[in-house]
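The values are calculated or read from the model by the stated rules, or taken from the named source; none is laboratory data. What you are looking at is a predicted structure, and each value in this text was computed from that prediction instead of being measured. Cβ atoms come from the backbone with ideal geometry, glycine included; neighbour counts cover every protein chain shown.
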Amino acid sequence: MKLMKKSRILLLFAAMLFPGIGYGQCETDLFLDQCASCLGTYNYIKSFNVAASARKKAAPEYSYVFSKGSKYMLIVCDQHAGEGKMIVSLYDRDHNLIASTYDVAEDQYYPSMIYTCSTTGVYYIETSIQGSKSGCGLCILGFTKE
C-alpha cells in the first residue's frame, strides 16, 4: 500500500516536471509549421488550438474582426488522434452560418475554406471535432488583400 502511494506521488511529480509528455496530449506545435505552409500567399494571422476528450467535447468559438476587401483563409489541421474529424465554421456578427469545412448535404470534409469579406465587422470561428470522443488539432487563420 505504501509503495502504491509513493508511485502515485512520483508519477504526479514527473507529470509536473514534464507537462508536454503524457498520454493523450495534443502536440499542435509539432505540426503548426507544416500546416501554416498551406497558406501559400496568404499572411498568417493566428492559430486556434482545439482539443476534445471523452470528458470534454470541443466546440470553442473565437471572434476576429475581418476587414472589407480582404480574403481570409481558414485551414483545418488535425492530428486524427481520436479519429475524429475537425470542422471549422464561420459565422457573421448575428451568428448566421457563412461557410464551413464540412458540407452536410454531400457528407464531405474540406481541409480549408476561403472567405472574401464584403463587410467589416466581428466574425465568429467555431471549431469542433466530430465522429469521435477525442481528438485534437488547430485552425489557422490567414488573410490577403484583393
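So is Ser47 modelled with pLDDT under 95, of a type in the set (Gly, Ala, Ser) and crowded, with 18+ Cβ neighbours inside 10 Å or not?
The answer is yes for Ser47.
Of all the residues that make up the stretch 92-146, how many are touching a residue at least 40 places away in the same chain (Cβ under 8 Å) and out of contact with any Pro (no Cβ under 8 Å at 6 or more places or on another chain)?
34
Please determine, by comparing only the residues of the stretch 114-140 that are of a type in the set (A, V, I, L, M, F, W, C) and farther than 20 Å from Asp78 by Cα, which one is surrounded by the fewest Cβ atoms within 10 Å (Cβ to Cβ).
Result: Val122.
Return only the number of the condition from (1) surrounded by fewer than 17 Cβ atoms within 10 Å (Cβ to Cβ); (2) at pLDDT 95 or above that Pro111 does not satisfy.
Among (1) surrounded by fewer than 17 Cβ atoms within 10 Å (Cβ to Cβ); (2) at pLDDT 95 or above, Pro111 violates only (2).
Yes/no per residue for (1) at pLDDT below 90; (2) among the hydrophobic types (A, V, I, L, M, F, W, C); (3) buried (at least 16 other Cβ atoms within 10 Å of the Cβ):
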{"position": "Phe31", "(1), (2), (3)": "yes, yes, no"}
{"position": "Leu39", "(1), (2), (3)": "no, yes, yes"}
{"position": "Asn43", "(1), (2), (3)": "no, no, no"}
{"position": "Ala51", "(1), (2), (3)": "yes, yes, yes"}
{"position": "Ala58", "(1), (2), (3)": "yes, yes, yes"}
{"position": "Gly69", "(1), (2), (3)": "no, no, no"}
{"position": "Val76", "(1), (2), (3)": "no, yes, yes"}
